[in-house]
1. Taking H as built 1.01 Å from N, whose amide H comes closer than 5 Å to the amide H of Thr76, not counting residues under 5 places away?
2. Each residue of region 100-114 in order: what ³J(HN,Hα) in whole Hz does its phi give by Karplus 6.51 cos²θ - 1.76 cosθ + 1.60, θ = phi - 60°, with x for Gly and Pro?
3. How much of Thr73 can a 1.4 Å solvent probe reach, expressed as accessible area in Å² and rounded to 10?
4. Compute the signed sum of charges (Lys and Arg +1, Asp and Glu -1) over the other residues within less than 14 Å, Cβ to Cβ, of His27.
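The values are calculated or read from the model by the stated rules, or taken from the named source; none is laboratory data. Every value quoted in this text rests on a predicted model; they were computed, and no experiment measured them. Here the Cβ is made from the backbone with ideal geometry for all residues, glycine too, and neighbour counts use every protein chain on show. SASA here: full protein model, heavy atoms, side chains in, ligands and nucleic acids out. Shrake-Rupley method; radii C 1.70, N 1.55, O 1.52, S 1.80 Å.
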Amino acid sequence: MLNTLLAKAAALPVAFTIGISGTAQHHPVEIDRDAPVITRDDIVIHAPLDRIWKIQTDVEGWPAWQPEVIEATKLTPGPLRAGSVFRWSVHGLADIDSTVKQVVPQRRIAWGGPAQGITAVHVWTFTPCKDGVRVHTEESWSGAPVEADTPALQQALDASLDAWLHRLKARAESRG
């Protein structure tokens, strides 16, 4: 188990992020490891990495393959990059403004922000493997609403990320 964790940590690409002062930092954006709600999940997708990446980063296309996503709009033109903002709505949460914190093309993307008192950090990593691409996601939630009902929100986030991964897999594998 420890060897697996160390191997995964070593495999994380070193990336540049934009810090508060606007200077580059040499560490990956991470979830809030002290948050009351944390979900980690992964899946192997049997499709080319560029296809999976394109589907995942086409924010405005999310409603076509994720029924929970009612709408999604990029507020920053061009490809997703550190500082890009997109607004999306899911059943139960409207007008979520997420800011991209880090992008390592076809390897890693992280975004987050506040929504109705919940602060979320969501990290995705894409690692080629012999069977396709291992897509790993982890997300943390903190804030007063999370502390008020941690078990229910933990269950909701677990179910949400599991569904997202399986829908991404189905979408990527269904294209010829």
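1. Residues meeting the amide H criterion: Val85.
2. Listing the rounded values in order: 6, 9, 7, 9, 10, x, 6, 10, 7, 9, 9, 9, x, x, x Hz.
3. About 60 Å², ignoring ligands and nucleic acids.
4. +2
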